[in-house]
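Worksheet: the structure to be examined is printed underneath.
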Amino acid sequence: MTKKFPDHIPVFPLNGVIYFPKTNLPLNIFEQRYLNLVNDAYSKDKLMGMVQSKKESESVYQIGCLGKISDFQKNRDGRILINLTGISRFKIVEEISNNKLYREFKVDYKDFNEDNNGSKNLIDTRLLMENSKKFFKRNGLLLNWREFEKLDQSQKINTLAMIAPITNEEKQKLLESISLKNKVETLESIINFYLHETDFNSQTIQ
């Protein structure tokens with residue numbers, strides 16, 4: 001059964017920040033417009049959207065992620081520290097005109113039912129996990145793989161997609177992958193490209 005989420009949501013556009021369902025995003029809020037957004041969302045249903053903005057432009061990507069404020073702390077200097085827990089991806093339908101400092105959008109979730117209903121079939125991710133460990137090690141990134149193994153399959157894939165040292169455009173491509181299977185295939189392709197590129201460069205230098 002598909003869960004019902006609001007189709008009119010406040011959205012925080014932020015370049016270079018892409019997050020996924022079942023992941024956590026800590027945010028340090030200090031701009032007045034986003035202080036207003038967070039305060040309004042927290043007093044209503046604690047729901048807000050995140051979407052990547054395009055460089056040097058007011059435009060945003062069409063696919064973002066709805067999150068719930070799971071931690072909320074006000075600092076004496078006026079900043080608000082929150083943790084946002086990803087729930088479901090959405091597709092922007094249109095921007096809603098308002099008299100607020102922050103932006104609101106009409107969105108729909110129908111393409112992303114799997115975010116909450118789960119994938120019906122387990123996907124073989126052994127090669128992806130093996131190559132991810134190599135990729136992270138080559139980039140000097142530490143991940144507690146023992147704790148990582150405790151996550152369910154979609155959490156593992158979304159976590160890798162969020163923290164992998166790849167470009168924002170590649171992460172956006174992963175966010176836009178409709179099914180978990182598509183996401184796994186895309187992530188495998190991206191990581192394999194970087195591993196092969198590193199191997200080629202090493203051979204060239206020698």
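No value in this document is a laboratory result; all are computed from the given coordinates. Computed from a prediction, not measured in an experiment: that's the story for all the values here. Cβ: placed from backbone, ideal geometry, glycine included. Neighbour counts: every protein chain shown.
The magnitude of the dipole of the chain, with charges of +1 and -1 set on the Cβ of Lys/Arg and Asp/Glu and taken from the Cα centre, is near 520 debye. Only aspartates and glutamates eight or more places from K120 in sequence, or on another chain, were considered; those with a Cα closer than 16 Å are D111, D152. Could you tell me the distance between the Cα centroids of the stretch 58-129 and the stretch 1-47, to the nearest Å? Measuring centre to centre over Cα atoms gives 7 Å.
Sorting I157, I191, I163, I87 from the fewest to the most surrounding beta carbons within 10 angstrom yields I163, I87, I191, I157.
Using the Cβ-Cβ distance between Y42 and K4 with R0 set to 30 Å, the FRET efficiency from 1/(1 + (r/R0)^6) comes to roughly 0.90.
Looking only at the stretch 35-63, which residues have a backbone nitrogen under 19 Å from a spot 7 Å from the Cα of E94 in the C-beta direction? Label zone hits: 59-63. Each residue in V93, V17 was given a count of other beta-carbon atoms within 10 angstrom of its own, and listing them fewest first yields V93, V17.
Fewest-first ordering of T125, T167 by other beta carbons within 10 Å of each residue's beta carbon gives T167, T125.
For the pair L151 and S59, the difference between a 0.36 nm per residue extended length and the Cα-Cα distance amounts to 29.7 nm. Between S59, S179, S70, the residue with the greatest mean-square fluctuation in the GNM of the chain (Cα pairs under 10 Å linked by springs) is S59. Checking (1) 23.6; (2) 18.3; (3) 19.5 against the coordinates, the calculated Kirkwood radius over Cα pairs in Å falls under label (2). Computed about its Cα centre, the charge dipole of the stretch 84-206 is approximately 300 debye, with only Lys, Arg, Asp and Glu carrying charge at their Cβ.
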